[in-house]
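The values are calculated or read from the model by the stated rules, or taken from the named source; none is laboratory data. Since the model is a prediction, treat every value here as computed from it, not as a measurement. When we count neighbours, we look across all protein chains shown, and the Cβ atoms used for this are built from the backbone with ideal geometry, even at glycine. Accessible surface areas use protein heavy atoms only, side chains included; no ligands, DNA or RNA. Shrake-Rupley method; radii C 1.70, N 1.55, O 1.52, S 1.80 Å.
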Amino acid sequence: MSNSGNGKRKPVNDDDDDEDEENGRDMEAWERAYADERSWESLQEDESGLLRPIDNQALHHAQYRRRLRSLSAASAASRIQKGLIRYLYLVIDLSRAAGEMDIRPSRMVVVAKQVEAFIREFFDQNPLSQIGLVTIKDGVAQCLTDLGGSPESHIKALMGKLGCSGEASLQNALELVHEQLNQIPSYGHREVIILYSALSTCDPGDVMETIQKCKSSKIRCSVIGLSAELYICKYLCQETGGLYSVALDEAHLKDLILEHAPPPPAIAEFAIANLIKMGFPQRAAEGVISICSCHKEAKFGGGYICPRCKARVCELPTECRICGLTLVSSPHLARSYHHLFPVTPFDDVAPLLLPNQHRRPKNCFGCQQSLLNPGNMPVRCVTCPKCKLFFCLDCDIYIHESLHNCPGCESLRNTNPVD
């Protein structure tokens, strides 16, 4: 504390408060929005005019169930065939437009973050598939990583090459991925996802001819825009059977890119059933030094041995560089099974007191958490249409997005037949 002229003492924290107020006034609008977390947006007015917090969990679950039912309706509407072996190139626009800060901190940083999450989710849902990364900057398309099944190698390569400059060239990117995907066998489903930030494309030739080449090669091209809608991107998706959408914010971008993680329906006239030769390699001895066929260098221990040519590879799934045999493990095949027979969407159970309410269980069958609120009133839950057991909202999402099996149906399988 310090002495004033009239002999009174003035608290030192008044100066600190003045400094905090000045700092608050000096902050930009977007900085203040992140500083206070916009807490007023978590409130909404109810029917009586009172403010109450928004149930974000219920909103998230309602949005998830709408998407789940739309996918289920689309699957039931027609007989579809899904490609379980996908060869996907992710094209990332790193032109000057990627440095725009309409999405904080910048489009490039947000896209890199969502691409990392997408790569991990993609390999979790498509264990037999492969991804490659392509970047666009200075009017040139560069292949960052070749097709492979290692999420860590793709993420590491992307994070080490972040930097935006120059113009974007859609044609150069399509020419590059067409050259790479044109070598894929007929049983592989060829896909391209383009994360496009620019409002124009600087091409050396006729991009329309390149689009037709992709169409004739059965390459499904999808575009997620980060600016305004572009005709050329929409035309590309229409011609190749892909999806075109424009992200509104970071959360919307995350939803749009994760929609491409499950395998899309294959066009019936292009879907050809083939028998594929696959090898199930054994784990190599830990204390042996051998030449790795994928990296072309000596490595100590680990890896897998091709059952046909005995060459060493580092990871699965992959294709043997020596004999060309597709190498997988049995868990990869098992994890791909759920796309062929997805779990039926559960039915909503309203949190109302019904005449037969006493039959409703008090705990979730999956996690055993209570289905009653502190006032012993029932909360919103779901029930499986086959086994008729009740689950909470969190278990509903976990069952359909990660587990891909109903615990109630599996537990009753050995006792009572489930239709």
Practice prompt. Hand me the list of helices (runs of 4 or more DSSP H) wholly inside the stretch 316-419 holding 3 or more residues that are at pLDDT 85 or above.
Written response: 393-398, 407-412
Response to the item:
In the stretch 116-154, residues that are among the aromatic types (Phe, Trp, Tyr) and either free of Cβ contacts under 8 Å to residues at least 24 places away in the same chain or in contact with a helix residue (DSSP H, G or I) (Cβ under 6 Å, 6 or more places away or on another chain) (or both) total 2
Worksheet item: In the stretch 266-274, is there at least one residue being at pLDDT 75 or above and either in a strand (DSSP E or B) or surrounded by 10 or more Cβ atoms within 10 Å (Cβ to Cβ) (or both)?
Response: no
Practice prompt. May I ask you to list the residues in the stretch 196-239 that are within 17 Å of Gln171 (Cβ to Cβ), touching a residue at least 40 places away in the same chain (Cβ under 8 Å) and open to solvent by less than 40 Å² (accessible area, probe 1.4 Å)?
Written response: Tyr196, Ser197, Ala198, Cys214, Ile219, Cys221, Ile232, Cys233, Leu236
Fill in: Members of the stretch 293-340 found to be open to solvent by 40 Å² or more (accessible area, probe 1.4 Å), within 19 Å of Glu121 (Cα to Cα) and among the hydrophobic types (A, V, I, L, M, F, W, C), listed by number
Leu333, Ala334, Leu340
Discussion item. Any residue that is surrounded by fewer than 15 Cβ atoms within 10 Å (Cβ to Cβ) and farther than 30 Å from Arg308 by Cβ - is there at least one of those in the stretch 176-187?
Written reply: no
Worksheet item: Mind checking whether some residue in the stretch 84-95 is in a helix (DSSP H, G or I), open to solvent by 10 Å² or more (accessible area, probe 1.4 Å), out of contact with any helix residue (DSSP H, G or I) (no Cβ under 7 Å at 6 or more places or on another chain) and of a type in the set (A, V, I, L, M)?
Response: no
Fill in: Residue satisfying all of: in the stretch 240-260; assigned to a loop (DSSP other than H, G, I, E, B) and farther than 16 Å from Ile194 by Cβ; most open to solvent (accessible area, probe 1.4 Å) among these
Leu248
Worksheet item: Would it be correct to say that Leu144 is over 30 Å from Ser330 (Cβ atoms) and open to solvent by less than 20 Å² (accessible area, probe 1.4 Å)?
Response: no
Worksheet item: Within the stretch 104-127, restricting attention to residues that are of a type in the set (S, T, N, Q) and under 13 Å from Leu258 (Cα atoms), which residue is surrounded by the most Cβ atoms within 10 Å (Cβ to Cβ)?
Response: Asn126
Worksheet item: Out of all the residues in the stretch 147-172, which are within 23 Å of Cys214 (Cα to Cα), open to solvent by less than 20 Å² (accessible area, probe 1.4 Å) and not in a strand (DSSP E or B)?
Response: Ala168, Ser169, Leu170, Gln171
